[in-house]
Each structure stands twice: as structure tokens, then as C-alpha cells.
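The values are calculated or read from the model by the stated rules, or taken from the named source; none is laboratory data. Note that the structure is a prediction, hence the values are computed from the model and not measured. Every residue, glycine among them, receives a Cβ derived from its backbone with ideal geometry; neighbour counts consider all protein chains shown. The protein model used for the area step is the full one, side chains on, heavy atoms only, and it has no ligands, DNA or RNA in it. Shrake-Rupley method; radii C 1.70, N 1.55, O 1.52, S 1.80 Å.
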Amino acid sequence: MKINLEILDASYIFDEKEITNLKTKELVPKMIIRRRLTRASKLIIELMSNINFKEGRIIFGTSYGELLATSKILNAISNNEILSPTDFQNSVYNTPVSYASILSNNTNEILTISSGEETSLKVLKVGAVKALDGDEILLTCTETLNINNIEEVNSCIKYLESAVALKVRVTNENANIDLKNIQNENYPKSIEHILHVAKNFQKDKKNIIEVNI
């Protein structure tokens, strides 16, 4: 089965360690809420602002999840320290899109996918099936890998913090963006399919991909 998706808008951000030019203070003016946000939550909120997505269904993907919160929990256990309730709350995989949806009063369906290196490919496939209902859907992936001593286990990923988002809807028009032969040497493989689409997105033309289910 093949489903074609029109990419209505796209945005991506990345940094070798940590993205610094975020509009979090502007987008989340209440400090008490802003202080609870994870790095991935801030990235998702930023991308949703970039593509003007406030309400609708969201398909979110991440291979490693909230790595910083998880590492803090593991360190606390290792050191026989009390676990932080905030870290525990923030350690679940759907944390970023949950915070973003609360802030935008979005009560629509949220689906979180984690499938290793195929995460973003699965996000595209699930998103294509969901889009058959005819509404506009947000497809987004993040990885936030900048934790203490990450260099001891990372030898292949240049950009430790990255996020990408597509606003899509189903279409009958022919595809003009190829999902084959993706070139990726610097980013987590878990985001490479959706990032490839975002990098090839052009605002002044139709942008359509064919997704094989």
C-alpha cells in the first residue's frame, strides 16, 4: 500500500551540543512551567511555533527518549540518593509532546513511537495511515543526547541535539521528494528519514512524498 503525503511546512534545528537560540522565554512566559521543561520539550515547542501548529494530532518519535532525565535517575540510584520526582515525571518518552499539548490546549490524539534507527521511518508510516482521515497532522522527532560522559559511548553522531517537524496531509498528487538513498553521517539515524524530507522542503512549491506501508 502506498500513501502520498503533502508536506505543508517543515522545520529542523540542531547543534553539536545544545541549541542556544530558542524562543522558550517568549513561548512559555510562566517561569514555573518553563523550569520544568526538558530539552526535548523546548525543541518541540520551538518547532511547533516555527510551523504554526497549535492544534491537531501528533505523531512523535524518539529512539533514546529523555536521556538526561533517565541518566539522572540512574545516577541517583547508583549513589543511593533520593530520586527527583521531576526527573521521574520527565523520564517518559511522550514528555515533550505532552508539555507542548498542555501549553497549547491541544486535546487531540498523541502517539509516541520508538523503534531504534527506524524511528522516523515508522513515524512517517504511521502518520501516513493516520492522515487518511483528511486532517493536518504533525510528525516530529527529537534526540537530546548531550549528557555527562556521552563521549565515552558516542563515536559517530556529530549533532547531539536535534529536532525536526513536518506538518502534513494526505494527497493524490505524485511524489516529488525521494525517500531513497538518504545521505546521513552526522545525525542520529533515528531522525534521518524525516530530516531528509525537511531538508528537501521548498516553501515555493508542492512538496510530496510517497510512503510505502
Overall dimensions of the range 112-213 by Cα: Rg and Dmax, Å: 14.7, 48
Pop out the ³J(HN,Hα) list for the range 70-85 in order, Karplus 6.51 cos²θ - 1.76 cosθ + 1.60 with θ = phi - 60°, rounded to Hz; leave Gly and Pro as x. 5, 5, 5, 5, 5, 5, 4, 4, 4, 9, 6, 9, 6, 6, 6, x
Dividing the Cα radius of gyration by the Kirkwood radius, what Rg/Rh value follows for the range 1-40? 1.17
Can you give the accessible area per residue of the range 99-160, in Å², using a 1.4 Å probe? 50
Just tell me which aspartates and glutamates come within less than 19 Å, Cα to Cα, of K199; anything on the same chain fewer than 8 places away is out. E6, D9, D15, E16, E46, E117, E118, E143, E161, D178, E185, E210
Just need the Rg to Rh number for the range 43-129, please, alpha carbons only, Kirkwood Rh. 1.04
Relative packing of peptides 83-93, 170-180 - highest average C-beta neighbours within 10 Å first: 83-93, 170-180
In whole percent, and with a 1.4 Å probe on the protein chains, what portion of the accessible area of the chain is carbon and sulfur? 47
Quick query: amide H of I113 versus all other amide H atoms, modeled in the peptide plane; which residues come in under 5 Å with a sequence gap of 5 or more or a different chain? F60, G61, T62
Projected convex hull area of the chain, Cα atoms, direction-averaged, in nm², equals 12.3
Could you sort 139-145, 17-23, 40-46 so that the peptide with the highest average Cβ count within 10 Å comes first and the rest follow in order? 139-145, 40-46, 17-23
Pairs of Cα atoms under 8 Å, at least six residues apart: use those to get the relative contact order of the range 59-109, whole percent. 39
Which pairs, out of K125/K189; K17/K158; K2/K125; K25/K203; K17/K42; K130/K167, put more than 19 Å between their alpha-carbon atoms? K25/K203
When the charge dipole of the range 1-55 is computed with +1 on Lys and Arg Cβ and -1 on Asp and Glu Cβ about the Cα centre, the Cα farthest towards its positive end, among V28, L5, F53, belongs to V28
